[in-house]
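Q: Input: one structure, supplied below.
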Amino acid sequence: MALPNIFVLTGAGVSAESGLSTFRDKDGLWTQYPLEEVASIQGYERNPGRVLAFYNLRRSKLFEAKPNAAHFALAQLEAAWAARGAIITLCTQNIDNLHEQGGSKRPIHMHGELSKSRCHDCGDVRIADGDLLLTLGCMACGRIGGLRPHVVWFGETPLFLDEIYDALSTADLFVSIGTSGAVYPAAGFVSMAREAGVSTMEINLEPSENADAFDSAHYGKASEAVPAWVAEMIALAH
Ligand code: NAD
Ligand code: ZN
């Protein structure tokens, strides 16, 4: 049997049980910092030090976090599909690296990566595991003070959109995991998939804002619902 090509989109809910806050958590990091000040270019230009401090805190929380059963299950699905020459595209809105830590080979980070810096001046992107500080210089252009986290802020265009749209429109199944469906363009992937004739399913703690757009849904914790779905898919493949 030919296996379906699957496009998986993940959001903050997949990392919640690893101890990283979602944006909607009542006492999450986001309630302590005004969103428009720490996740926009205008906020960065007003107060770069505050923005760097916010992401330094998020990066230190990431160092304490471990992948959970949902990350591991997605990597297992990816390996099973790769062994049969079938395609899984894993696209994440998360800037953490828990999919990689869980064994996924090349997740597409459409909103960037916390473990990389980007130079505001020359655009150089490179691995940056430590704190970003205004006193640091860019390794490429040498300018001091211009390093920012390599993350996509409100008002900026997500990364890899052409690759994402190609993979989405040629998939057989679109699965959205742990995302509220509130932020575009990712929230629009389900409609694009439907228009391209792709089946759609969501796995989330509760119905997302665009729950009606999905053909089917499993509601529950990612650490339970994702491994259960992956086990079903792998059983079908045998
Ligand atoms: P989100 O916080 O908006 O939604 C998380 C979703 O995960 C919710 O639907 C929640 O029900 C679900 N969830 C929580 N715990 C779960 C668990 N254990 N198992 C399964 N599901 C669980 O996050 P998002 O959808 O990833 O946000 C999308 C993008 O929006 C982010 O990448 C970020 O760039 C941007 N953003 C959003 C907000 C916001 O207020 N929505 C704020 C800042 C940035
Ligand atoms: Zn530079």
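Q: Any idea of Phe160's accessible area? Nearest 10 Å², probe 1.4 Å.
A: Here the accessible area works out near 100 Å².
Q: Of His111, Ala69, Ile127, which is farthest on the positive side of the dipole of the chain, counting Cα position, with +1 on Lys and Arg Cβ, -1 on Asp and Glu Cβ, and the Cα centre as origin?
A: Of His111, Ala69, Ile127, it is Ile127.
Q: Ranked highest first by average number of other Cβ atoms within 10 Å, how do 97-104, 206-213 line up?
A: By packing density, highest mean first, the sequence is 97-104, 206-213.
Q: Are any of the pairs Lys26/Lys116; Lys26/Lys221; Lys26/Lys105 more than 23 Å apart by Cα-Cα distance, and if so, which?
A: Table pairs above 23 Å Cα-Cα are Lys26/Lys116; Lys26/Lys105.
Q: Here is a follow-up. Straight-line reach from Lys66: which aspartates and glutamates fall under 15 Å, measuring Cα to Cα and dropping same-chain residues less than 8 apart?
A: Candidates past the 8-residue exclusion: Glu17, Asp96, Glu100.
Q: Here's something else I'd like to know. For the stretch 102-238, state the average projected area of the convex hull of the C-alpha atoms over all orientations, rounded to one decimal in nm².
A: Dividing the Cα hull surface by four gives the mean projection, 10.4 nm².
Q: Considering amide H positions built from the backbone, and no H for Pro or chain starts, which residues 5 or more places from Lys116, or on another chain, come under 5 Å of its amide H?
A: Sorted by chain and number, the residues that satisfy this are Ala128, His150.
Q: Amide H neighbours of Thr10 under 5 Å, counting only residues 5+ apart in sequence or on other chains, H built in-plane at 1.01 Å?
A: Cys91, Thr92, Gln93, Ile177
Q: So, one more: Under the Cβ-under-4.7 Å rule, which cysteines of the chain stay unpaired?
A: Lacking a cysteine Cβ partner under 4.7 Å: Cys91.
Q: Write down the percent of antiparallel bridges among all DSSP beta bridges whose residues are both part of the stretch 59-164, to the nearest 5.
A: 80
Q: Where the centroid of each part is defined by its Cα atoms, how far is the stretch 170-238 from the stretch 1-53 in Å?
A: Each part reduced to its Cα centre gives a spacing of 19 Å.
Q: Looking at the chain, what % of the alpha carbon pairs are farther apart than 32 Å?
A: The share of Cα pairs beyond 32 Å in the chain comes to 21 percent.
Q: Let me ask something additional. Give the accessible surface of the chain per residue, rounded to a whole number of Å², with probe radius 1.4 Å and ligands, DNA and RNA excluded.
A: 47
Q: Sort Tyr33, Tyr184 from largest to smallest accessible area, using a 1.4 Å probe on the heavy atoms of the protein chains.
A: Tyr184, Tyr33
Q: Next question, about the same structure. Share of the chain's accessible area from carbon and sulfur, percent, 1.4 Å?
A: The computed percentage sits at 54.
Q: Based on DSSP, what percent of beta bridges with both residues in the chain are antiparallel, to the nearest 5?
A: So the antiparallel bridges in the chain amount to around 30 percent.
Q: Please give the solvent-accessible surface of Glu36 in Å², to the nearest 10, using a probe radius of 1.4 Å with every protein chain present.
A: 110
Q: Membrane-span-like helices in the chain: DSSP H runs reaching 18 Å or more (Cα, own axis), mean Kyte hydropathy at least 0.5?
A: Flagged H segments are 69-83, 222-237.
Q: Same structure again: With every protein chain present, what accessible area does Lys221 have (1.4 Å probe, heavy atoms only), rounded to the nearest 10 Å²?
A: Lys221 has an accessible surface of roughly 100 Å² with all protein chains in place.
The values are calculated or read from the model by the stated rules, or taken from the named source; none is laboratory data. Owing to the predicted nature of the structure, the values given are computational and were not obtained by experimental measurement. Ideal geometry is used to build each Cβ from the backbone, glycine not excepted, and the neighbour counts take in all protein chains shown. Each accessible area value is taken on the protein alone, full model and side chains, heavy atoms only, with ligands, DNA and RNA left out. Shrake-Rupley method; radii C 1.70, N 1.55, O 1.52, S 1.80 Å.
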